[in-house]
Every structure is written in structure tokens, then in C-alpha cells.
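Values in this text are rule-based calculations from the coordinates and carry no lab data. Keep in mind the model is a prediction, meaning the values are calculated, not measured. Here the Cβ positions follow ideal geometry from the backbone for every residue, glycine too, while neighbour counts run over all protein chains shown.
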Amino acid sequence: MLKQTDVMEKIVALCRRRGFIFGSSEIYGGIGGFWDYGPLGCELKKNIKDAWWFDMVRNPPPGPSGVEYQMVGVDCSIIMNPKVWEASGHVGGFSDPMVDCKECKGRFRADELDWIAKTPCPNCKAVGGLTEPRQFNLMFQTHVGALQDASSVAYLRPETAQGIFANFKNVMDSTRVKIPFGIAQIGKAFRNEINPRNFTFRSREFEQMEIEFFCKPDESMAWYEFWRDLRLKWYESLGIKSDKLRPREQGADELAHYSKACTDIEYMFPFSDEPQELEGVAHRGSFDLNQHGKHSKGKEDAFAVVSDEAARFVPHVIEPSAGVDRFTLAAITEAYCFDESRASPEFMKFHPRLAPIKAAVFPLVAKDGMPEIAESIYREIKKHFPVQYDAKQSIGKRYARMDEAGTPFCFTIDGQTKDDGTVTVRNRDDASQIRIDKSRCLEFLREKLGL
Ligand code: GAP
């Protein structure tokens, strides 16, 4: 059995070795809190985003009591008019308390230090050198246009949500959506985190998958419960074990003043003894629409108020807000298996929908007509699934490479294929092998992957 700390080390090493995740700009010494996804990592991340979009936007299940609703998407700019961030409260309030060390000049989050005047610096251990906590705004600033003064200041968005709110009326006016409905967005967000850490878990550049769901105020609690339960089930449907997931309802002292309820969906990562947040599902009331109604140049009412046959009201909002990178890391840690009894001890048991490569095709040796048969099977599968052809090195090494990539099945063309037309199918999870007719490879994959 590996210790949890060793598991994390092995995962980080495998991610680098096999091209899931690299440190950003490594050749120049890297940059804290920024990461690059390699060939396997970007396929995995894309599968996660595609699964979310398909399950939440294109094909969402019926709502409470079987009610139908619409989901639509937007793709908004990363830099918006800075007034957006004044209205949302991010300019005034999106900050963490931090302390600086006068000795080593390090900067740390005060809320993570149990801060008192005599706290030693976590870096140089000097006692009495930490400053009083000060608020540190997490938004990255830039300038728009040639002038670099106060009038040109703009921000990289710290969440995708505000692009959705700012377009609430555009979407209502340009489509036929009616309350209740949701607007979804996947995109990059940026936060100048004081202490980025735990691999990609807390990064300075990351991706979010957010939904703002607009409903009638008196139906909002039913919708909140619906989204909370649906989002939890979604992680389980993609292979996250339920005993590693925890829905944690926030206490009244943690809730924002406008929020009626919020549940953090947490996952037990190997780097911590406590489950950590994957996603927040928040009841945001009418706060955001009211704020943009007040701060934008149109008439307050015209932005936020909608009418139906019975009444005029400002919709309430339920916000399931998930981190793509956090779920990618959870999917990687959940998939990671170590079994010393196997020829290839490390393997990644990805859910079939998430596996970056679904199958591999190998000729046992590069002669006797085996490559030709393997190539024709590879070409057939390629039209339907991501598949790899590999003829290099021993068959054991090829299986090990695919185990580390998390490829569910490998098809091997060998001496027997010419005699009876069958190929070996090797299963990633238990390394078992069976033989099937070479004409059945695609059909076999479809059946077994359920895709
Ligand atoms: N619009 C609401 C919102 O942004 P949040 O809890 O600040 O809420 C939502 O962020 C999700 O975004 C988190 O649950 C997490 O998955 C992800 N996230 C937030 N900060 C992150 C960071 N520094 N690195 C990676 N993911 C982050």
C-alpha cells in the first residue's frame, strides 16, 4: 500500500512523464500557479468539458416534478468593462487577507496561518517579522489600449459567471427561452492566488464550467435542491466513488448576505486529510441581476424584471459552478492504481467516457502480414474512437504505455490471427486476455465502452 503523500508524488510524476500535465514555461524555470496540459491531458480535459456540456446543456434531465426547462450556452470575452466587476462586488471585495514577511519578503494567506503577532514566517521561520494582515485583491489587472493610466485599467475575469449575468437580457431577447431556464458557459478564469498549491488544485489560471439557472423566487429552493443532487450524481456517473465525495452544506456564518443556501461538493484528494471543493452550488437570490440592473446604463427594471401571465418579478438564480482543472485532477487521482503484482504496476482506470484513448492496436511483430491487419483494424476504429497504433518495442512495454495512459482495451494481432482470424483483446483493469474475431473489434469496443 502506498502512503497518501507518495500517491500524490507518483501521480505528479506520471502526469509529467506521460504528457498529462507539465509546469508552464518549464524551460525557463516555470511560473507558480500556471500549468500546461499535454497530449493526454488535453484529451482528458476535453472529454470532461464535452461530458458536462452534453449532460447539462444539450441533454439535461427533467427538473423537479418532471418539469421541462431550457438550457443554452454563451461564450463571453475574458476582459469585460470594469464596471461589471464594480457591480458584482469583485473590485471592492474579492480579496484574501495576507501578511508579508519583512525578512524574506514572502507573502502568505493570513487565514491559513492562524495568524498572531508571534507567528513564525512559514518560509524563513523568522519570528515577529510578519506584517499585520492586509486585504489583497485577487483580480489580475491589465490595461486596454495604448494609455497605461487609471482610465484604461481592466481585469482578467476571476469567474465566468458575470459574462452570463451581463448577457441575461440579450439571451432573453434573442432566443425563445422562458423562466425557468439556464445559461451555461465554459471558459478560463484568472485569480492572483497568494499561495497556489497542491498541483493544479489552486492555480492562477484555470477553467470553470458554470451555469446560472433563472427561476421564480417561490420555486427557487426546489431548483437549488435539484441542481445540488444532480451535480453530485454527475460526478458519480463519471466514475468518482461516492465515499470520496461529500456534499457540504455551508453554515449560516459562511453564506454571502444575499444567499439562502450553498453546498460545496467536495472530493477527498490524496494531498489532504479533509475533502476539498470541486464545485459550489449556490442559491444567489436576485443579487446579481439586481446589481447589474442598478449599475448598468439601462433602466434598472428593464434589465432584471421579467413578466409571466401572473406577475412581474426578478428571477432568482441557482449557480452550479465547477472547476474543470479540479475535476480533471480528481479524475486523475481517482483513476490512479498501483499494483505491484502486475507487470505494469501503475495504471489509470479512467471511466470510458473520460479515457483520452479508447483503444490501441498492436502487431505482435512487424512482419508476416501482422502490420497490415493491425493497420486496417486501426483505420476502422479511428473513424469512431480515439485509438493509437503502436508497433515499437516489446508487447509488454506497449501494454504498460497504454496502462499508464488509461486505455481500456488493446487489440493484438499475432501468429494465430492468420490461422483463425482472431485477435487478442487485453483488458486494462485486470490484464486479462480473450480472443475475438478480427472483424468484431469495433463492435466489441462499442459494447464494452457503452459509447
Ligand atoms: N461564480 C462562482 C465562483 O466562481 P468559486 O467557488 O470561487 O465560485 C467555483 O469557484 C469553482 O471554480 C470552484 O469550486 C473550483 O472548482 C474552481 N476554482 C476556484 N478557484 C480556483 C483556483 N484557484 N484554481 C483552480 N480552480 C479554482
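Can you give the extra length, in nm with one decimal, that the chain gains between residue 451 and residue 68 once fully stretched, where that is 0.36 nm per residue apart less the Cα-Cα distance?
Going from the current span to full extension adds 135.3 nm.
Principal axis lengths of segment 378-451 from Cα atoms, whole Å, largest first?
Ordered largest first, segment 378-451 gives principal extents of 30, 29, 23 Å.
Taking only C-alpha pairs under 8 Å that are 6+ residues apart, what is the relative contact order of segment 1-57 in percent?
Relative contact order here is 25 percent.
Please report Rg over Rh for segment 261-328, where both radii come from the alpha carbon positions and Rh follows the Kirkwood definition. Don't skip to the end; give the middle numbers.
Numbers: Rg = 17.4 Å, Rh = 14.5 Å.
Ratio of gyration radius to Kirkwood radius for segment 261-328: 1.20.
With runs of 4+ DSSP H residues as the only contributors, calculate the mean residue ellipticity of the chain at 222 nm using -39,500 (n - 2.57) per run, divided by the residue total and rounded to the nearest 500.
Mean residue ellipticity at 222 nm (helix-derived): -8500 deg cm²/dmol.
Which net charge results when you count Lys and Arg as +1 and Asp and Glu as -1 among the other residues whose beta-carbon is under 9 Å from that of residue 390?
With Lys, Arg at +1 and Asp, Glu at -1, the net is +3.
If Lys and Arg each add +1 and Asp and Glu each add -1, what is the summed charge of the other residues whose beta carbon sits under 12 Å from the beta carbon of residue 22?
On the way: positive: 16, 17, 18; negative: 26, 36.
With Lys, Arg at +1 and Asp, Glu at -1, the neighbours total +1.
What is the distance in Å between the Cα centres of segment 1-35 and segment 317-376?
Spelled out, the Cα-based centre of one part sits 18 Å from the other.
Once the Cβ-Cβ distance between residue 437 and residue 338 is put in as r, and R0 is 35 Å, what FRET efficiency do you end up with, to the nearest 0.05?
Here the calculated transfer efficiency is 0.50.
Report the Rg/Rh value for segment 130-188, based on alpha-carbon coordinates and the Kirkwood definition of Rh.
Values: Rg = 17.4 Å, Rh = 14.9 Å.
Using only Cα positions, Rg/Rh for segment 130-188 is 1.16.
Estimate the FRET efficiency between residue 131 and residue 256 by the formula 1/(1 + (r/R0)^6), using the beta-carbon distance for r and 22 Å for R0, to the nearest 0.05.
Approximately 0.20, to the nearest 0.05.
What is the sum of charges, Lys and Arg at +1 and Asp and Glu at -1, for the other residues whose Cβ falls under 13 Å from the Cβ of residue 228?
Taking every Cβ under 13 Å from that of residue 228, the sum is -2.
For the peptides 164-170, 371-377, what is the packing order when you average, over each peptide's residues, the other Cβ atoms within 10 Å and list the highest mean first?
Ranking the peptides 164-170, 371-377 by packing returns 164-170, 371-377.
Please get the size of the charge dipole for the chain, origin at its Cα centre, with Cβ charges of +1 on Lys and Arg and -1 on Asp and Glu, quoted in debye to the nearest 20.
Once rounded to the nearest 20, the dipole reads 1020 debye.
Once the dipole of the chain is set up with Lys and Arg at +1 and Asp and Glu at -1 on Cβ about the Cα centre, which of 137, 303, 226 lies farthest towards its positive end?
Farthest along the dipole direction, towards plus: 137.
Which semi-axes, in whole Å and largest first, does the equivalent ellipsoid of segment 233-367 have when worked out from the alpha carbon gyration tensor as the square roots of 5 times its eigenvalues?
In descending order the semi-axes read 45, 20, 12 Å.
Could you grab the relative contact order for segment 368-422? Cα pairs under 8 Å, six or more apart, rounded to a whole percent.
Relative contact order comes out at 39 percent.
Multiply the residue gap between residue 379 and residue 171 by 0.36 nm, knock off their C-alpha separation, and tell me the result in nm, one decimal place.
Full extension of this stretch gives 70.6 nm more.
Over all distinct Cα pairs, what is the inverse of the mean 1/r for the chain, reported as the Kirkwood hydrodynamic radius in Å?
It works out to 24.8 Å.
Order of 241-251, 8-18 by packing, highest average Cβ count within 10 Å first?
Details: 241-251: 13.3, 8-18: 16.8.
In decreasing order of mean packing, 241-251, 8-18 become 8-18, 241-251.
Over 32 Å between C-alpha atoms is what I'm after, so list which of 125/260; 10/438; 10/46; 260/349; 233/392; 125/244 land there. It would help to have the intermediate numbers written out before the result.
Values: 125/260 42 Å; 10/438 37 Å; 10/46 23 Å; 260/349 39 Å; 233/392 41 Å; 125/244 35 Å.
Correct reply: 125/260; 10/438; 260/349; 233/392; 125/244.
Extent of segment 62-180 along each principal axis, from alpha carbon coordinates, in Å, largest to smallest?
Largest to smallest, the principal-axis extents are 63, 48, 19 Å.
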